[in-house]
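Chemist: One structure coming up, written as structure tokens, with questions to follow.
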Amino acid sequence: MKETTCKNLQEIGAFALAGGCTPKRLRQLAEMIREARNYRWIGIYKIVKNEFVILAETGDEPPAYPRFPITQGLCGAALESGKPIIVGDVRHDPRYLPTFHTTRSEIIVPMINEHHKILGMLDTESEKVNAFGDEDRQFLERAGGLIAHCLH
């Protein structure tokens with residue numbers, strides 16, 4: 001992993017631990033993750049009963065599905081597998097729930113606490129096809145782990 005990526009993760013972790021998990025701070029964390037790798041959109045979803053519920057997102061436009069059943073979408077598939085899911089072109093994946101009409105690729109990373117329980121999903125989207133690779137997965141898994149405690 002690149003030195004700048006490691007530095008970004010340190011900043012995200014320090015910020016997450018320093019000031020609590022208010023909605024404003026979660027939005028700031030989402031923005032820090034977005035800026036670190038110049039992503040278009042980040043959403044932080046928490047599992048509440050049988051639904052994914054958005055707690056924070058970047059940008060001004062709300063997602064089309066701020067809450068949806070845990071059995072649906074790419075988030076549901078990531079929950080079922082327990083692993084990140086990278087989709088190079090969402091137009092060819094029937095599991096995709098359209099967040100924005102301009103999204104072309106997406107990576108969903110389960111946010112797992114220290115007890116190995118999935119508490120939510122870190123959803124990252126791009127308007128470019130095949131925008132995400134292994135380095136993105138590693139970065140987002142670590143970032144998600146750093147903020148998973150906010151989802152308890």
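Chemist: Which one of the conditions (1) under 20 Å from LEU146 (Cβ atoms); (2) open to solvent by less than 50 Å² (accessible area, probe 1.4 Å) does GLY88 fail to meet, given that it meets all the rest?
Modeler: Evaluating GLY88 over (1) under 20 Å from LEU146 (Cβ atoms); (2) open to solvent by less than 50 Å² (accessible area, probe 1.4 Å) leaves (1) as the failure.
Chemist: Right, something else. Do we have any residue at all in region 123-145 that's assigned to a strand (DSSP E or B), open to solvent by less than 70 Å² (accessible area, probe 1.4 Å), among the small types (Gly, Ala, Ser) and in contact with a helix residue (DSSP H, G or I) (Cβ under 8 Å, 6 or more places away or on another chain)?
Modeler: No: region 123-145 contains no residue that is assigned to a strand (DSSP E or B), open to solvent by less than 70 Å² (accessible area, probe 1.4 Å), among the small types (Gly, Ala, Ser) and in contact with a helix residue (DSSP H, G or I) (Cβ under 8 Å, 6 or more places away or on another chain).
Chemist: Sticking with this one: For region 64-75: of the residues being touching a Leu at 6+ places or on another chain (Cβ under 9 Å) and on the phi < 0 side of the Ramachandran plot, which is surrounded by the most Cβ atoms within 10 Å (Cβ to Cβ)?
Modeler: The selected residue is CYS75.
Chemist: Which residues, taken from region 97-110, are more than 8 Å from the chain's Cα centre (by Cα) and either at pLDDT below 95 or open to solvent by less than 10 Å² (accessible area, probe 1.4 Å) (or both)?
Modeler: Hits for region 97-110 are LEU97, PRO98, THR99, PHE100, HIS101, THR102, THR103, SER105, GLU106.
Chemist: Listed residues LEU119, LEU97, LEU74; which is in a loop (DSSP other than H, G, I, E, B) and either within 16 Å of GLY43 (Cβ to Cβ) or in contact with a Gly (Cβ under 7 Å, 6 or more places away or on another chain) (or both)?
Modeler: LEU97 is the lone residue from the list that is in a loop (DSSP other than H, G, I, E, B) and either within 16 Å of GLY43 (Cβ to Cβ) or in contact with a Gly (Cβ under 7 Å, 6 or more places away or on another chain) (or both).
Chemist: From GLU11, GLU57, grab the single residue that is without any contact (Cβ under 8 Å) to a residue 60 or more places away in the chain and open to solvent by 50 Å² or more (accessible area, probe 1.4 Å).
Modeler: GLU11
Chemist: Tell me yes or no: at least one residue of region 47-54 is touching a residue at least 12 places away in the same chain (Cβ under 8 Å), buried (at least 19 other Cβ atoms within 10 Å of the Cβ), of a type in the set (S, T, N, Q) and in contact with a strand residue (DSSP E or B) (Cβ under 8 Å, 6 or more places away or on another chain).
Modeler: So far as region 47-54 goes, no, none of its residues is touching a residue at least 12 places away in the same chain (Cβ under 8 Å), buried (at least 19 other Cβ atoms within 10 Å of the Cβ), of a type in the set (S, T, N, Q) and in contact with a strand residue (DSSP E or B) (Cβ under 8 Å, 6 or more places away or on another chain).
The values are calculated or read from the model by the stated rules, or taken from the named source; none is laboratory data. From a predicted model like this one, the values you see are computed outputs, not experimental measurements. Here Cβ is always computed from backbone atoms with ideal geometry, including for glycine, and neighbour counts include all displayed protein chains. Surface areas here come from the heavy atoms of the whole protein model, side chains and all, with no ligands, DNA or RNA. Shrake-Rupley method; radii C 1.70, N 1.55, O 1.52, S 1.80 Å.
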